[in-house]
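These notes concern the structure reproduced below.
The values are calculated or read from the model by the stated rules, or taken from the named source; none is laboratory data. Predicted, not measured: the structure shown is a model, and the values here were computed from it. In this analysis, Cβ positions are derived from the backbone assuming ideal geometry, glycine residues included, and neighbour counts consider all displayed protein chains. To get the accessible areas, we keep the full protein, side chains included, count just its heavy atoms, and leave off ligands, DNA and RNA. Shrake-Rupley method; radii C 1.70, N 1.55, O 1.52, S 1.80 Å.
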Amino acid sequence: MTRITVENFNENYPRIRDAISTCKFIAFDLEFTALYVEDNEKRSLFDSIADRYTKHRSTVSQVIPVQVGLSLFKNNVKEGTYTCETFTFYLWPRPFLRQSRNLTLSASSFQFLCENKFDFNELIYRGLPFLNRQEEKEFLQIMKSDDFFAENKVLSAFIDVEIKKISIWLNKKDLEDELPLPAINEKYRTNFEMCYCIHKIIRKYFKNIHTYVKDDVFMVSRKAVDWSLEDETMKSALGFTNIFRLLVQSKKPLVGHNPYMDLLLLYNTFEAPLPQSYAEFKSSFVALFPSVYDTKKISREIKIPDGLRLAALEDYYEFYKDSGGRHLAMRSPFIQQIDRSSFDHFHDAGWDSYCTGYIFIRMAHILASNTLMQQNRYLTTTEHLAAVANLKNCINLIRCSSPHMKLDGPDPKSLRPSLLIAKNKSNRPLDLTKLTSTLDTCGYVEVKPLSGKKSAIIAVDNHGSARRILNKYKDSHEVTVKPYSTTWPNNRMIIWGALATSTGFLMALLFRETLRK
C-alpha cells in the first residue's frame, strides 16, 4: 500500500497510470469531512430517492473527501490469482490567489478519524489539491490576470535574496547558461501558489531570462526553455483530479461498499457541481463510469449461515477471508496485495478499498460458480463480472423508501410496507414520546406528527415490524394504528369534483329550459 501526498505524487504518477491501464477493476473508498451538515439532511425512511438526492446535494456542496483509496486488481487466470496495488491519497484544498474553498468539518467525523489513526499532519501539510471543471475555469481566469502581486507581500524579503543571487550571476564575466535556486523549491515545493508568484515576479523583474523547474529545482536560464508555467501550475493545482480523469478515461468497472455518498462526492469534487435534477445526475455519472458495483447490494444475493449478521465492511472481510465465506465455492482465487504495509486498519481509505475489492471477488466467484457449475478450472474476471451483471449500477440505499438506486435505468419500486397512521381515540394530542418508545420495541420506525398533533404518520423498516405494530395496537383503548392511505383524500376530491360538475351540468339544463318557457 502506497501513501500518496503532494511530495511523492509526481514520482508515483506513472506507476498509478500504468496500474489503472492494466487492471481489471478498481475498488475505491472515501473518507470525508462530514456525513451531513444540517439535521434535516439526515436520511429518513420517508425519503424518496429524489428526496434523498436533494438532501445530500446540499451536504456534498459543503463537504470534501480527505482521503481516497484506490485498489487496482489484476487477474492471472492460469494461476488462479488476483494481485492488487493499493494507493491511499490524502486530499486537502489549496488556495490560489483569490480562489479559496470554504468547507464544513464535522467534529464527530474528525473524532471518528482520530480514533482510527488518521494522520492529520499528512492531510494538512501534504494533502493533494483538486479542482472540478468549474473551479478549473476560474483558476485559468485568475492566471490570466497580473493584479495579484500586492497580495503576496510576504514573499518580498525572500524574493529579494533570490533576486540578488540572479543579479550577481548575470554580472559574472564567465556567465553560465543556467542558475539553480534550490532554496525556492525547498521552501515552497508543496505550495504551487507561491511557486507561481515567484516565477512571475522574477520574470517581470528580469526581462531577458527564463525560469522553469528541473528535477524539483527552480532554475533560471538565459536561453528559452520548452516549459510552460501555466501548464505546470495547472497540473499541480489539479492534483488528484488528474487521477480521477484517468479513471474516467479507462472506463474500468468501479467497486464500492455502500458507495452512495462516495459517488456524489466523486462527481461534485472532481467533475462538476451536482446537477439540481436527480435524473440528470444519474445520466451524467453513468456517462463517466458506465459500470459501478456495490458489494453491499451484491451481498444480499449470497446465502450465509443462519444467525450470522454481517453489518460493517470489516464483518464481510473477516467472513470471506477467515471464516466460512471463503469456502462457499470451489477454486476460489488467491488474492494478494502488493506492498502490504502497516496501514492495514479499517477506515483507512486504502485498506477499505482493498477489503471492498477482496469481498467483491469472493462474492462474484460464488455467484459465478453457482451459475456455471464448473469447478475444474479457474474462472476469469469476465466470468466473475458476468455473474453480477444484473446488479451493475444498483447502489444500496440505507433507510430509504426504495432499496436501491439504478444509475442506468428506472429506479425500483418501494419494497417497504405502507405508511401507518396513529390516532388518539380521545380529543387530546398524541404523546409522541410514549408512542415512539412503544414503537421502538417493534423494530426501526420513524414518526412524523400531522397538523393538530392528534395523529402521526409512521414509517416502518420492514413488513415484520409493521405486523408487530398493528398487532400491538389492535386492542388499544387509547390509540388506533392502521395503514395510511395517501390516495383517499385524492379520491375524495375526485368524487366531490365529479358531483360538482354533475350538479353544474344539471343546473345549466334547468336554466336553459326555464329560458325556453
Query raised in the report: Between E176 and S485, what length in nm is gained on full extension when 0.36 nm per residue of separation is reduced by their alpha carbon distance?
Result: 102.6 nm
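Grab the eigenvalues of the alpha-carbon gyration tensor for the chain, scale each by 5, take roots, and send me the semi-axes largest first in whole angstrom.
Details: eigenvalues 609, 229, 98 Å².
Each semi-axis is √(5λ); the values are 55, 34, 22 Å.
In square nanometres, what is the average projected area of the Cα convex hull of the range 156-211? Let's see the in-between values first.
Working: hull surface 15.3 nm².
The orientation-averaged projected area of the Cα hull of the range 156-211 comes to 3.8 nm².
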Query raised in the report: Applying the Karplus parametrisation 6.51 cos²θ - 1.76 cosθ + 1.60 with θ = phi - 60° to the phi angles of the range 224-231, what ³J(HN,Hα) value in whole Hz is obtained for each residue in order, glycine and proline being reported as x?
Result: 5, 10, 7, 7, 9, 4, 5, 5
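Sorted by packing (mean other beta-carbon atoms within 10 Å per residue), highest first, where do 459-471, 427-439, 347-359 land? Write down the numbers at each step before the final one.
Working: 459-471: 17.1, 427-439: 14.3, 347-359: 25.6.
Per-residue Cβ counts within 10 Å, averaged per peptide and sorted highest first, yield 347-359, 459-471, 427-439.
Could you tally the net charge around I458, taking each other residue with its Cβ under 9 Å from the Cβ of I458, Lys/Arg +1 and Asp/Glu -1?
Details: positive: K448; negative: E446.
Summing Lys and Arg as +1 and Asp and Glu as -1 gives 0.
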Report summary line: Burial-style ranking of 104-113, 180-189, 399-408, average other-beta-carbon count within 10 Å with highest first, yields 399-408, 180-189, 104-113
Requested in this report: Determine the distance separating the Cα centre of the range 238-311 from the Cα centre of the range 339-407; give it in Å without decimals.
Outcome: 13 Å
Report summary line: Between the residues S61, S109, M143, the Cα farthest towards the positive end of the dipole of the range 50-149, that dipole coming from +1 and -1 charges on the beta-carbon of Lys, Arg, Asp and Glu, is from S61
Report summary line: Sorting Y358, A50, A19 by the position of each Cα along the dipole of the chain (Lys, Arg +1; Asp, Glu -1; all at Cβ), the one nearest the positive end of that ordering is A50
Requested in this report: Determine how large the accessible area of H327 is when every protein chain is in place; take a 1.4 Å probe and give Å² rounded to the nearest 10.
Outcome: 140 Å²
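For the range 366-462, what does the accessible surface come to per residue with a 1.4 Å probe? Please give it in Å². Before the final figure, lay out each step's value.
Numbers: 5040 Å² over 97 residues.
For the range 366-462, the per-residue accessible area is 52 Å².
Which FRET efficiency value, to the nearest 0.05, do you get for S44 and R101 by plugging their Cβ-Cβ distance into 1/(1 + (r/R0)^6) with R0 = 35 Å?
On the way: r = 29 Å, r/R0 = 0.83.
Computed FRET efficiency for S44 and R101 comes out at 0.75.
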Query raised in the report: Helix 278-288 versus the longest principal axis of the chain: what angle, 0 to 90°, nearest 10, using Cα atoms?
Result: 40 degrees
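What FRET efficiency comes out for Q62 versus D216 if R0 is 25 angstrom and r is the Cβ-Cβ distance? Round to the nearest 0.05. Could you put the intermediate results ahead of the total?
Details: r = 35 Å, r/R0 = 1.39.
Efficiency at R0 = 25 Å is approximately 0.10.
Diagonalise the Cα gyration tensor of the range 29-188 and give the resulting equivalent ellipsoid semi-axes, square root of 5 times each eigenvalue, largest first, whole Å.
Details: eigenvalues 365, 133, 52 Å².
One finds semi-axes of 43, 26, 16 Å for the range 29-188.
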Requested in this report: Report the one residue of F218, L181, V481 whose Cα lies farthest in the direction of the positive end of the charge dipole of the chain (charges on C-beta: Lys and Arg +1, Asp and Glu -1; origin at the Cα centre).
Outcome: V481
Report summary line: Once phi for every residue in the range 407-418 is put through the Karplus expression 6.51 cos²θ - 1.76 cosθ + 1.60 (θ = phi - 60°), the whole-Hz ³J(HN,Hα) values, with Gly and Pro written as x, are 5, 10, x, x, 6, x, 6, 5, 9, 6, x, 4
**Report entry** Cα-based helix-to-principal-axis angle, 49-60 vs the chain, degrees rounded to 10
**Finding:** 30 degrees
Report summary line: Taking a crude spin-label model, label points 7 Å out from Cα along the C-beta direction, the L432 to A157 distance in nm is 5.9 nm
Query raised in the report: Can you work out ³J(HN,Hα) from phi for every residue in the range 15-25, in order, using Karplus 6.51 cos²θ - 1.76 cosθ + 1.60 and θ = phi - 60°, giving whole Hz and x for Gly and Pro?
Result: 5, 5, 4, 5, 5, 5, 5, 9, 7, 8, 7
Report task. Distance between Cα centroids, the range 427-490 to the range 15-35: provide it in whole Å. Result -> 45 Å
Query raised in the report: Reachable lysines from K406, Cα under 16 Å, same-chain residues fewer than 8 places away excluded?
Result: K282, K296, K297, K392
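What does the C-alpha gyration tensor say about the overall shape of the range 1-110? Classify as rounded when a/c is under 1.5, otherwise prolate if a/b is larger than b/c, or oblate. Don't jump to the answer; show the numbers that get you there.
Values: a/c = 2.95, a/b = 1.49, b/c = 1.98.
Oblate, because a/c is 1.5 or more while a/b does not exceed b/c.
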Query raised in the report: Out of the DSSP beta bridges found with both residues in the chain, what percent are antiparallel (nearest 5)?
Result: 80 percent
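So between H477 and K321, what do we pick up on full extension, going 0.36 nm a residue minus the alpha carbon distance? Don't jump to the answer; show the numbers that get you there.
Values: separation 156, 0.36 × 156 = 56.16 nm, distance 5.33 nm.
Value of the extension gain: 50.8 nm.
Which length gain, in nm to one decimal place, applies between D440 and K187 when the Cα-Cα distance is subtracted from 0.36 nm times their residue separation?
85.2 nm
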Query raised in the report: Sequence-distant or interchain residues sharing an amide H contact under 5 Å with A272, placed H: which?
Result: R133
Query raised in the report: Can you give the helix-only mean residue ellipticity at 222 nm for the chain, where every DSSP H stretch with n ≥ 4 adds -39500 (n - 2.57) and the sum goes over all residues, rounded to the nearest 500 deg cm²/dmol?
Result: -13500 deg cm²/dmol
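If you place +1 on the Cβ of every Lys and Arg and -1 on the Cβ of every Asp and Glu, how big does the dipole about the Cα centre of the chain come out, in debye to the nearest 20?
Details: 70 positive and 59 negative charges, 477 e Å.
Charge dipole, the chain, about its Cα centre: 2300 debye, nearest 20.
What is the percent carbon and sulfur in the accessible area of the chain, measuring with a 1.4 Å probe over the protein chains and ignoring ligands? The partial results should precede the final answer.
Working: 13800 of 26520 Å².
The nonpolar share, carbon plus sulfur, comes to 52 percent.
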**Report entry** Size of charge dipole - the range 102-209 - debye, nearest 20, with Cβ of Lys, Arg +1 and Asp, Glu -1, no other charges
**Finding:** 340 debye
Requested in this report: Sequence neighbours fewer than 8 away in the same chain don't count; with that in mind, list the lysines whose C-alpha is under 19 Å from K453.
Outcome: K423, K425, K434, K482
Report task. Excluding residues on the same chain fewer than 8 positions from K200, give the lysines whose Cα lies under 16 Å from its Cα. Result -> K144, K153
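For the range 195-264, give the magnitude of the charge dipole about the Cα centre (Cβ charges: +1 Lys/Arg, -1 Asp/Glu; no others), in debye to the nearest 20.
It works out to roughly 320 debye.
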Report task. Averaging sequence separations of C-alpha pairs under 8 Å and six or more residues apart, then dividing by the length of the chain, give the relative contact order as a whole percent. Result -> 19 percent
**Report entry** Virtual spin-label span in nm between K78 and D306, 7 Å along Cα→Cβ
**Finding:** 4.7 nm
Report summary line: To the nearest 10 degrees, the tilt of helix 133-144 (Cα long axis) against the first principal axis of the alpha carbons of the chain is 30 degrees
